[in-house]
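FYI, it's all coordinate maths here, none of it is from the lab. What you see is a predicted model; the values in this text were computed from it and never measured. Glycine also receives a Cβ, built like all others from the backbone with ideal geometry; neighbour counts cover every protein chain displayed.
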Ligand code: GDP
Ligand code: MG
């Protein structure tokens with residue numbers, strides 16, 4: 001990660017006493033690389049690095065004992081400011097019913113998904129949203145919105161499904177009739193910006209006068225993001241950005257470009273395909289993500305998200321009846337759901353470094369091997385691993401393409417985990433509770 005790289009750079013310089021401007025230049029080069037790798041626009045990077053350098057030189061960074069940390073702190077603070085520390089809220093007009101929120105963006109950026117997520121969020125806040133299917137160009141678009149709407153229990157207005165502007169105006173009447181206080185207008189996009197798309201967006205805007213226009217931007221968009229948002233800003237204009245697909249590998253450097261180039265705030269980030277994965281934007285977290293630093297807060301929240309009710313029930317059952325191979329499999333799949341061990345490690349500051357010195361730790365490929373072994377067990381064997389005798393072990397080894405030793409090792413690990421469970425069970429019983437009950 002960047003902080004490691006900087007640490008290394010400065011470690012080399014230790015013993016030289018005071019750092020020089022040249023040393024800072026070396027650090028700035030690292031930062032420039034990290035930002036470019038995160039797909040921040042090169043012009044944005046250039047200006048940003050120049051500003052950071054100035055700050056680094058004017059403060060007492062050069063004389064400090066921990067120059068790397070100081071440089072990183074300055075860069076993080078600057079990034080956070082740049083990403084916008086204020087106005088990440090959805091501002092709705094008090095005296096207008098319905099309020100209208102319009103979504104724009106390229107095709108595939110995540111507009112329709114974001115429309116449903118926004119509806120879900122607003123509904124959970126006590127609003128009564130209506131979704132308007134104004135992407136009339138692709139036949140399946142309205143169906144997609146209708147499906148999402150029915151999943152979250154929000155009505156979808158489709159009108160005649162032909163004229164996008166007519167659907168938009170019709171949706172307002174529909175909202176008035178049905179007492180919906182917010183209309184969310186989903187619009188069409190193209191793979192590239194084109195005249196027709198822009199004109200249609202402008203026409204819808206003129207017809208329904210949205211209180212908020214949000215541009216949905218795919219976090220994976222590379223350098224081209226600057227042109228795309230600039231064009232939308234000039235043609236339809238928008239009030240804020242929803243950054244989608246941040247659950248993927250994207251570092252989110254585009255967020256920085258968007259903010260720097262248009263001055264528009266990022267209001268939400270979309271972290272998956274489920275309706276509840278729309279989150280309020282946190283500039284400080286995004287700054288860390290862009291620089292590739294640990295996001296401890298993020299890990300904890302992700303962990304909490306996967307700890308759903310099913311898991312509570314599982315935990316109770318495991319305490320009661322013991323731990324099966326299926327449980328082990330499920331645990332590993334939970335880790336994968338959080339993005340894999342590698343990713344989790346990468347989110348903890350300094351962890352990558354520690355892991356590289358400790359090759360014995362369990363990595364993703366080891367998890368894959370264990371999964372293969374468990375998959376080669378029968379249902380009965382998974383539920384009651386005690387019955388796995390020598391012959392069965394041989395069969396499982398052959399079936400999974402692993403060695404008998406590996407199978408033995410897994411069963412031994414399971415046995416130890418189960419003993420631990422047993423002890424916990426005993427403790428829980430002594431305390432008089434059933435253990436783990438909500
Ligand atoms: P639209 O063309 O702008 O309406 O884009 P869609 O909402 O149809 O999304 C395009 C694709 O991206 C779909 O397959 C979505 O499921 C997916 N998608 C949208 N938002 C996210 C997100 O935040 N994370 C992930 N992983 N996928 C997303
Ligand atoms: Mg769509």
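On the basis of the beta-carbon distance and an R0 of 25 Å, residue 163 and residue 231 show a calculated FRET efficiency of 0.55. Given R0 = 35 Å, the distance between the Cβ atoms of residue 372 and residue 33 translates into a calculated FRET efficiency of 0.40.
The value obtained for the range 117-197, namely the Cα convex hull volume divided by the number of residues, is 92 Å³ per residue.
Based on Cα atoms of the range 114-272, Rg over Rh with Rh as the Kirkwood radius reads 0.95.
Ordering of 32-44, 215-227 by packing is 215-227, 32-44, highest average first (other Cβ atoms within 10 Å, averaged per residue).
If you bin all the Cα-Cα distances of the range 77-169 at 10 Å, starting from zero, the percentages per bin are 14, 42, 30, 12, 3, 0. What translational diffusion coefficient, in µm²/s and rounded to a whole number, does the Stokes-Einstein relation yield for the range 203-245 at 4 °C and a viscosity of 1.567 mPa s, taking the hydrodynamic radius as the Kirkwood radius over Cα pairs? Stokes-Einstein gives a translational diffusion coefficient of 116 µm²/s.
The packing ranking of peptides 268-280, 381-393, 139-151, 231-243, highest mean first, is 231-243, 268-280, 139-151, 381-393, where packing means the average number of other beta carbon atoms within 10 angstrom of each residue.
Treating r as the C-beta distance of residue 365 and residue 26 and R0 as 45 Å, the FRET efficiency rounds to 0.80.
If the segment from residue 150 to residue 384 were pulled out straight at 0.36 nm per residue, it would be longer than the present Cα-Cα gap by 80.1 nm. With each label modelled as a point 7 angstrom along the Cα→C-beta vector, the residue 77-residue 196 pair spans 5.2 nm.
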